[in-house]
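To start, the structure under review is shown below, and the notes come after it.
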């Protein structure tokens, strides 16, 4: 009986080690298009060197990508070579915004009464994030952080409620799913 128990235990340990080593060799199996999920949103009140007060928020997203092609190099962010140039030439000779210029897309909504109204901010909240898997190819997962600042002035609306829709692009131009953050109150009184 003891011998049989030892054999079962040894078999279980070998099976567990085999399963673990297979996971280490092959890695996770994520789709090549990025997938994101909302982790959290945090607000901080900061005062700059000049005494100006700002509410800043930090948005955290979890991400997964099967081929690890997330982010732009500093050269691509600074110089915008194809396919990341800001404008693209249309067949009729006109130009239009390049959907691959940014890799972090964020839409801000403000709560007005009970309705969510989209707001376009200047400068745009869209942005770039750097290469996340430098020199490596294969599955990647982690957390992306993104910050938004709200300068507070005497005319700033008190207790303004915001939320955000966000998606990201990988280097191949594949768009992730779109997530919606929870609400955050700016200039809370």
Inside region 115-135, can you point out the residues that are over 20 Å from the mean Cα position of the chain (by Cα), exposed (fewer than 15 other Cβ atoms within 10 Å of the Cβ) and at pLDDT 95 or above? 115, 117
Given the criteria loosely packed, with under 12 Cβ neighbours inside 10 Å and farther than 30 Å from residue 156 by Cα, does residue 68 qualify? no
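The values are calculated or read from the model by the stated rules, or taken from the named source; none is laboratory data. Bear in mind the structure is a predicted one, so any value in this text is a computation, not a measurement. Cβ sites come from the backbone with ideal geometry, for glycine too, and all protein chains shown count toward neighbours.
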